Amino acid sequence: MELKEKFEIWRDVFALQVDFLRELGAYKLNAAKSDLVAAVASNQLAVARMKAHIAQELQGALRRLHQMEGRTATKAKRLMSMARNAAYIQNGDDMTRSRMQMMWAAYKVFERMVPIDQLDQIMQQDLHPGARKGTQYVNKEEPSEHCHDIPDHIDNAHMLIGYIKRRHYLPLRGSQAHRHVMKVFAAIADVAASQLSKMQEAIEDMRNNTYQVWNPLIIAGLPDTMDVKKILYNGMKEL
């Protein structure tokens, strides 16, 4: 699969998130209602009042989810353009400054969509010695200027990305540095498929009433609203 196509899977991840929230909210609402009935039956009135409050909050949050759908559809379309822009990294130094800026902007968006534990795995990729040489890069800001060697404190591939981004460096196409940077981009793109699969499995489990508590993907790019927080966290505590 081409790098662009791998990044495009993030569109599907993003588009599925509202459905995931809706299924999760309904699942938790049914659980809260069941607990409410059980609490009333056993005369645990304090617990019953808390479960009733949770159920009311979840019902309201579910009703308001449709407000996100329009914005989500727009953002999903934008991710297609960003996938193309991120894939420009395949060209190495053979891209204009404007394309470089679009490429880094897209990279930043996709990087933020990666859960921190998986981003940490990318951070642990050791920096290949050959990728430290300044001769492996070109300075797109000042093409006549030589690129400096990568400093010793830059000790992994993720830090390398941040360094060359700030310096306006691009790796020479086909160089060791280029292959190294490509691995980071590919790793971020590959996360999309695993996250999509996890959400699809979780939705199916919720529909089959076999869902086990799973710490879901951080809702990437959706509004950080109280409704989202209510659906993600309400009803999680054991009472």
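Quick notes on this one:
- Members of the range 159-175 that are surrounded by 14 or more Cβ atoms within 10 Å (Cβ to Cβ), under 25 Å from the mean Cα position of the chain (by Cα) and part of a helix (DSSP H, G or I): M159, L160, I161, Y163, I164, K165
- Looking only at the range 69-94, and only at residues there that are hydrophobic (A, V, I, L, M, F, W, C) and surrounded by 18 or more Cβ atoms within 10 Å (Cβ to Cβ), the one that is farthest from V18 (Cα to Cα): I89
- Of the residues making up the range 1-11, just one is acidic (D, E) and closer than 12 Å to K77 by Cβ, namely E8.
- Filtering the range 1-23 to residues that are more than 15 Å from L196 (Cα to Cα), of a type outside the set (D, E) and in contact (Cβ under 8 Å) with a residue 40 or more places away in the chain leaves L3, K4, R22.
- Exactly one residue out of Q90, Q67, Q59 is free of Cβ contacts under 8 Å to residues at least 40 places away in the same chain, within 30 Å of E111 (Cα to Cα) and either in contact with a helix residue (DSSP H, G or I) (Cβ under 9 Å, 6 or more places away or on another chain) or in a loop (DSSP other than H, G, I, E, B) (or both), and it is Q67.
- Scan of the range 110-131 for residues that are crowded, with 18+ Cβ neighbours inside 10 Å and over 14 Å from A187 (Cα atoms), ordered by number: L127, A131
- Exactly one residue out of M1, M50 is closer than 29 Å to I203 by Cα, at pLDDT below 90 and not in a helix (DSSP H, G or I), and it is M1.
Residue by residue, here is whether (1) surrounded by fewer than 17 Cβ atoms within 10 Å (Cβ to Cβ); (2) at pLDDT below 90; (3) among the aliphatic types (A, V, I, L, M) holds:
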site	(1), (2), (3)
E142	yes, no, no
I150	no, no, yes
H153	yes, no, no
A157	no, yes, yes
A177	no, no, yes
N209	yes, yes, no
P216	yes, yes, no
M226	yes, yes, yes
E238	yes, yes, no
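The values are calculated or read from the model by the stated rules, or taken from the named source; none is laboratory data. Note that the structure is a prediction, hence the values are computed from the model and not measured. Heads up, the Cβs are rebuilt from the backbone with ideal geometry, glycines too, and the neighbour counts pull from every protein chain shown.
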